[in-house]
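Visitor: There's a structure below that I have some questions on.
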Amino acid sequence: MRVMLRSIAPVVSALFLAGSLAAQERPEVQEARTHTGQVTEADSARVSEGYFTGADGLRLFYRAVGDRGDTLVVLHGGPGMDMEYLWPDLVPLATDHTLIHYDQRGGGRSELPEDTTLLAIEYHIRDLEALRKHFGIGRLTILAHSFGPALAALYAIDHPDRVEGMIFIGPVPPRRGGFFDRYSANLASRLQPEEQKRIGELWPTRRTYRS
């Protein structure tokens with residue numbers, strides 16, 4: 001399990017870098033978002049935001065929703081995404097739970113490290129541990145989507161005594177069965193030549209995309 005998950009780390013890091021750079025190129029991604037129309041007035045009063053210090057001192061943005069019941073730490077998908085696409089759908093859970101979302105390193109309002117080797121998966125694991133310590137949570141209950149379950153599973157492998165439970169929504173697929181070859185072929189059909197060239201510059205060891 002550990003070998004299989006860690007074997008996708010170069011893929012994850014390259015995709016995360018591509019997504020993060022794309023986000024950096026869009027100014028609206030960096031703007032503070034107001035969450036109007038997504039929650040009731042009562043819920044809005046129970047939303048708090050701020051930053052915590054992740055691995056290697058990186059500033060990571062968080063949003064806590066609700067203030068009762070068990071705490072759920074939410075891991076968004078990606079790589080290179082942020083919490084904004086996911087958190088509104090989870091607001092109803094805040095009626096009976098406290099939800100803690102955060103933008104993973106390089107995404108949303110969290111810092112993008114100048115040294116892109118710091119986007120490797122092991123730093124994401126350390127960020128999650130830093131969040132646990134920041135909020136003083138003994139054992140994490142993790143709700144994760146897409147790429148998030150890979151991060152959650154690796155965290156659980158490294159820190160089994162610090163995980164209470166995990167809920168996975170649409171987790172990343174297994175590597176066997178030719179999924180990534182099929183994915184690459186499908187992606188290539190949607191990319192312009194200049195986009196394929198840019199991916200090659202960011203990820204020189206990738207599989208060759210063929211249209």
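The values are calculated or read from the model by the stated rules, or taken from the named source; none is laboratory data. Everything quoted here is computed from the prediction, not taken from an experiment. Virtual Cβ from ideal backbone geometry, glycine too; neighbours counted across all protein chains shown.
Visitor: Scan region 71-93 for residues that are touching a helix residue (DSSP H, G or I) at 6+ places or on another chain (Cβ under 8 Å), closer than 13 Å to Gly107 by Cβ and either in a helix (DSSP H, G or I) or not hydrophobic (A, V, I, L, M, F, W, C) (or both) and report the count.
Guide: Residues in region 71-93 being touching a helix residue (DSSP H, G or I) at 6+ places or on another chain (Cβ under 8 Å), closer than 13 Å to Gly107 by Cβ and either in a helix (DSSP H, G or I) or not hydrophobic (A, V, I, L, M, F, W, C) (or both): 6 in total.
Visitor: Something else: Residue check, Pro88 against (1) more than 18 Å from Glu164 (Cα to Cα); (2) touching a Lys or Arg at 6+ places or on another chain (Cβ under 8 Å), all met but one. Which one?
Guide: Going through (1) more than 18 Å from Glu164 (Cα to Cα); (2) touching a Lys or Arg at 6+ places or on another chain (Cβ under 8 Å) one by one, Pro88 breaks only (2).
Visitor: For Arg109, state whether it is modelled with pLDDT of 90 or more, among the basic types (Lys, Arg) and assigned to a loop (DSSP other than H, G, I, E, B).
Guide: Considered against the rule, which asks whether it is modelled with pLDDT of 90 or more, among the basic types (Lys, Arg) and assigned to a loop (DSSP other than H, G, I, E, B), Arg109 comes out as yes.
Visitor: Please count how many residues of region 105-120 are on the phi < 0 side of the Ramachandran plot and surrounded by 22 or more Cβ atoms within 10 Å (Cβ to Cβ).
Guide: The qualifying residues number 4.
Visitor: Considering Tyr102, Tyr85, Tyr123, which residue is modelled with pLDDT of 95 or more and either surrounded by fewer than 22 Cβ atoms within 10 Å (Cβ to Cβ) or more than 12 Å from the chain's Cα centre (by Cα) (or both)?
Guide: Within the list Tyr102, Tyr85, Tyr123, the selection yields Tyr123.
Visitor: Can you pull out the residues in region 184-211 that are modelled with pLDDT of 75 or more, farther than 18 Å from Gly80 by Cβ and not in a helix (DSSP H, G or I)?
Guide: Listed by number, the residues that qualify are Ser189, Gln192.
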